[in-house]
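As structure tokens, the structure follows; a few thoughts come after it.
The values are calculated or read from the model by the stated rules, or taken from the named source; none is laboratory data. Keep in mind that what you see is a predicted model, and the values were worked out from it rather than measured. Counting neighbours? That spans all protein chains shown, and the Cβs are built from the backbone with ideal geometry, glycine included.
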Amino acid sequence: MEKRDKMLDHDLKAEIERLRAENERLKTKNAVRLSLKVSEKGAVSLYGIGRFPVTLYKEQWAKIIGMAKEIEEFLRENERLLKTKE
């Protein structure tokens, strides 16, 4: 009986380690990774922000990038009103 208990204990420990490793792999997999792709229509799609990509044409991205300082300032000024997605 003792040998069987040792085998069960070993199997349980191995299963716990396997589940821990899988859990870590899933956590890393779900980490936010941003990526860019050119859409079929020639626009730029940003993936990884939400469920769906943000797709804009290059002129639209240029306008947004040009407003970066204003956007950052707006976010700072309205910090207390804004919610954070976790």
Revision key, fill the gap. In segment 34-86, residues that are in contact with a Ser or Thr (Cβ under 9 Å, 6 or more places away or on another chain) and of a type in the set (Val, Ile, Thr) total 4
Revision key, fill the gap. Residues of segment 21-58 being closer than 19 Å to Lys85 by Cβ and assigned to a loop (DSSP other than H, G, I, E, B), in sequence order, are Asn30, Ala31, Val32, Arg33, Leu34, Gly48, Ile49, Gly50, Arg51, Phe52, Pro53
Check your understanding: Which pairs do you get when a residue that is farther than 17 Å from Leu34 by Cβ, found in segment 52-65, comes within reach of a residue that is at pLDDT 95 or above and not in a loop (DSSP other than H, G, I, E, B), reach meaning Cβ atoms under 9 angstrom, with the pair 6+ apart or on two chains?
Key -> Tyr57/Val44; Lys58/Val44; Gln60/Val44; Lys63/Leu56
Point to revise | Scan of segment 48-62 for residues that are more than 15 Å from the chain's Cα centre (by Cα) and surrounded by 10 or more Cβ atoms within 10 Å (Cβ to Cβ), ordered by number | key: Thr55, Leu56, Tyr57, Lys58, Gln60, Trp61, Ala62
Study note, to complete from the structure: The lone condition Ala68 fails out of (1) surrounded by 10 or more Cβ atoms within 10 Å (Cβ to Cβ); (2) at pLDDT 95 or above; (3) of a type in the set (A, V, I, L, M, F, W, C) is (1)
Review point. Taking segment 71-86 only, how many residues are modelled with pLDDT under 95 and of a type outside the set (Asp, Glu)?
Key: 3
